[in-house]
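Read the structure below first, then the notes.
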Amino acid sequence: MSLAAAALSLTLGGTRVLERVDATFAPGRVTAILGPNGAGKSTLLACLAGLRDPDAGIVTLDGIPRTRHDRRDLARRIGFLPQTANVHWDVDVETLVTLGRFPHRGRWGETDVDRAAITAAMAATDVTGMAGRIVNTLSGGERGRALLARVLAGTPDWLLADEPLAGLDPAHQLDVLDCLRGIAARGAGVIVVLHDLNQAARVADNVLLMRAGRIIAQGTPETVLTPARLAETYGVTTHVGHTPEGLRFIVATARG
């Protein structure tokens, strides 16, 4: 089981946002996509999710072009969490999360399996206590967690998340990172766009570093998140160290 991009290229508004991107993602692993603003991270994720079609190249799922898969099957297997935490209707949190089971629903409506998945997703994202609250009355971080719960309720084989830590306090950031690791531990593939280098070093098995629509480097955090690579990608000088617990940390100390 794999999800892969082969020679993906895409131009938007006259700007080349992806340039022959090749990447293969494995189940049971967390891949973090990093890079400066405008690097093409979100666009790549949207192409992998089937929300954008590239001008050239293909996305394959299990070696078969995504366009040849049944759309309902894709909806079951690929879960996408967008960057913006907007909900355009007044609905409570539990109802929103329940919508994540829609691709799995049969003619007989909600099953015990559906209910178990919804309950587990709400617990994993710490939104059980706000089940009856209207989503649009929540803070941005709370909405983000509710939307993540909706995706998790679908128990996808692949979770594609665009900046899922945005708007979250430090405690809930750690909770979401632990949730992503747990999803991968159960065998699903996780691909996540992040800006925080330290959180990427903490959660990722693999890192894909992008700049100007191209992949600069890909591999383990230890081999990719180096001062030389970060200088090439972000144009900053960095210090890389370790906490007393052995966690790697990265501090940007200067531009250029």
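The values are calculated or read from the model by the stated rules, or taken from the named source; none is laboratory data. This one's a predicted model, so the numbers in the text were calculated from it and none came from an experiment. A quick note on method: Cβ atoms are made from the backbone with ideal geometry, for glycine too, and the neighbour counts reach across all protein chains shown. Surface areas here come from the heavy atoms of the whole protein model, side chains and all, with no ligands, DNA or RNA. Shrake-Rupley method; radii C 1.70, N 1.55, O 1.52, S 1.80 Å.
For this structure, a couple of remarks:
- Being at pLDDT below 95 and touching a helix residue (DSSP H, G or I) at 6+ places or on another chain (Cβ under 9 Å) holds for only one residue in 82, 65, and it is 82.
- Test for residue 100: is it at pLDDT 90 or above, in contact with a Gly (Cβ under 7 Å, 6 or more places away or on another chain), within 21 Å of residue 162 (Cβ to Cβ) and part of a helix (DSSP H, G or I): yes
- Residue check for residue 167: more than 23 Å from residue 27 (Cα to Cα) and either among the β-branched types (Val, Ile, Thr) or free of Cβ contacts under 8 Å to residues at least 60 places away in the same chain (or both): no
- Conditions (1) among the hydrophobic types (A, V, I, L, M, F, W, C); (2) without any contact (Cβ under 8 Å) to a residue 60 or more places away in the chain; (3) outside any helix (DSSP H, G or I); (4) under 21 Å from residue 192 (Cα atoms); number of the one not met by residue 149: (3)
- Per the listing 145, 101, 105, the residue uniquely of a type in the set (Lys, Arg) and open to solvent by 40 Å² or more (accessible area, probe 1.4 Å) is 105.
- Single condition residue 114 does not satisfy, out of (1) modelled with pLDDT under 90; (2) more than 26 Å from residue 208 (Cβ to Cβ); (3) in contact with a His (Cβ under 7 Å, 6 or more places away or on another chain): (1)
- Taken together, the residues in segment 42-73 that are part of a helix (DSSP H, G or I), crowded, with 17+ Cβ neighbours inside 10 Å and more than 14 Å from the chain's Cα centre (by Cα) amount to 1.
- Considering residues of segment 178-228 that are touching a Pro at 6+ places or on another chain (Cβ under 7 Å) and not aliphatic (A, V, I, L, M) only, the residue surrounded by the fewest Cβ atoms within 10 Å (Cβ to Cβ): 187
- One residue from 125, 119, 43 being among the polar types (S, T, N, Q) and in contact with a helix residue (DSSP H, G or I) (Cβ under 6 Å, 6 or more places away or on another chain): 125
- All positions within segment 118-140 that are in a helix (DSSP H, G or I), of a type in the set (Val, Ile, Thr) and closer than 25 Å to residue 78 by Cβ: 118, 119, 135
- Residue 5 fulfils the conditions (1) farther than 30 Å from residue 135 by Cα; (2) modelled with pLDDT under 95; (3) crowded, with 18+ Cβ neighbours inside 10 Å except for a single criterion, (2).
- Search result, residues across segment 148-171 that are open to solvent by less than 50 Å² (accessible area, probe 1.4 Å) and either polar (S, T, N, Q) or more than 16 Å from residue 75 (Cα to Cα) (or both): 162, 163, 164, 165, 168
- Selection of first residues in segment 121-137 that are β-branched (Val, Ile, Thr) and of second residues that are open to solvent by 70 Å² or more (accessible area, probe 1.4 Å) and assigned to a loop (DSSP other than H, G, I, E, B), restricted to Cβ pairs under 8 Å at least 6 apart or on distinct chains, gives the following pairs, ordered by first then second residue: 134/90; 135/90.
- Set 143, 76, 115: member being in contact (Cβ under 8 Å) with a residue 40 or more places away in the chain, over 24 Å from residue 47 (Cβ atoms), among the charged types (D, E, K, R) and not in a strand (DSSP E or B): 143
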